[in-house]
Amino acid sequence: MKSPNRTSPILALEAELKTLWGASAWPFTAAVQKPYASKTFSEAYAQLVQLLAVKASGVLAGPNGVGKSLLVSALLEQLPQKAYRPILLTHSSITAADLIRHLCKLQGIAASNRRGDNVLTLRETWQAIAPAWPVLIIEEAQNLSVTAMEEVRLLAADRADTQTPFSLLFVGDDNLMARLLLGVNRPLLSRFGFCIQMQAWAPEDLQAYIRSRLQEVAIHTDLLEPQAEQLLLQASGGLPRTLNHLAQRAMEHAARAHSRLIAAEHVRLALKQLPWLVKLPEQQEETNTP
């Protein structure tokens with residue numbers, strides 16, 4: 001039986017967080033929910049809002065961890081409910097046969113076993129909410145099967161005129177465009193009017209992001225030694241999600257060492273916990289040393 005006086009590792013870290021830095025929460029975790037408006041984020045968001053305003057359909061693509069889901073979340077919060085009816089589909093591995101039924105469920109509609117009945121019910125539902133405009137967002141769209149993509153195309157073509165009955169947004173990683181460019185998906189691709197490609201963040205954006213995360217939890221002093229910051233920026237590859245993981249692990253190592261400053265050694269220890277990241281030049285030299 002554990003001693004009741006022994007402090008758990010989690011409580012010990014929480015105590016160091018407050019003792020060393022006076023922070024209200026860990027700055028690089030989900031505890032900080034406010035999106036940081038980087039240049040990449042702001043430009044992509046502005047483009048997306050403008051394109052949806054003209055009822056366009058298209059693609060939002062970029063490397064994993066660049067902030068696509070965060071952008072979609074911000075978009076869903078900000079779209080005026082009187083003007084739009086967003087529908088978010090996150091189960092991209094869903095089969096073609098289940099896709100229409102799942103959309104019915106998301107719309108609060110009792111799904112039928114007959115595809116035609118479900119499509120008709122969806123059409124009537126969307127017509128009833130006019131002038132509000134449906135926006136169908138499919139995340140991790142690179143995982144959709146060919147038949148599921150064709151099902152989406154047929155649903156988008158369910159009108160007598162050339163106007164798609166809703167705006168369709170495919171959100172995916174760098175493999176998404178390669179999938180869409182396959183000949184079998186060309187009919188679907190022809191219905192898209194834009195592609196927003198989110199790029200890895202510039203070092204100055206990541207530096208500003210670090211300062212912003214620290215300030216959000218009431219840390220107003222520089223915690224990172226210059227070399228530690230450079231290691232973080234280099235190892236993160238311009239991806240804020242990767243930076244969050246590395247910075248959080250490094251901060252934990254500093255807390256265990258009772259250090260107010262996050263040193264390069266703390267970042268190196270964090271990198272050992274994330275071995276799938278690209279090795280730093282100094283690590284590569286060690287690997288190549290006979």
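Okay, here's what the table says:
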item	result
Under the Karplus curve 6.51 cos²θ - 1.76 cosθ + 1.60, θ = phi - 60°, whole-Hz ³J(HN,Hα) for the range 96-102, x wherever Gly or Pro sits	4, 5, 8, 4, 5, 5, 5
Placed amide H near residue 133: partners under 5 Å, 5+ positions off or other chain	84, 85
Out-of-range pairs (alpha-carbon distance over 23 Å; input 82/105; 55/82; 18/39)	18/39
Label-point separation in nm, residue 73 to residue 273, each point 7 Å along Cα→Cβ	2.1 nm
Dimensionless Rg/Rh of the chain - Kirkwood Rh, Rg from C-alpha atoms	1.07
Protein accessible area in the chain, 1.4 Å probe - carbon and sulfur %	54 percent
Computed helical MRE - 222 nm, the chain, DSSP H runs ≥ 4 contributing -39500 (n - 2.57), nearest 500	-15000 deg cm²/dmol
Rg over Rh [alpha-carbon atoms, Kirkwood Rh] for the range 177-283	1.17
Proximal charge balance of residue 141 [Cβ under 10 Å; K/R count +1, D/E count -1]	-2
Nonlocal amide H pairs with residue 224, under 5 Å, H built at 1.01 Å	262
Gap separating the Cα centres of the range 1-78 and the range 137-194, nearest whole Å	28 Å
Two-decimal Rg/Rh across the range 122-228, once Rg and the Kirkwood Rh are taken from alpha-carbon atoms	1.19
The range 4-95 - Rg and Dmax from Cα coordinates, angstrom	19.4, 63
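The values are calculated or read from the model by the stated rules, or taken from the named source; none is laboratory data. Just so it is clear, the structure is predicted and the values come from calculations on it, not from any experiment. Reconstructed Cβ throughout: ideal geometry from the backbone, glycine too, with neighbour counts over all protein chains shown. In case anyone asks, the SASA skips ligands and DNA or RNA and just uses the protein heavy atoms, side chains included. Shrake-Rupley method; radii C 1.70, N 1.55, O 1.52, S 1.80 Å.
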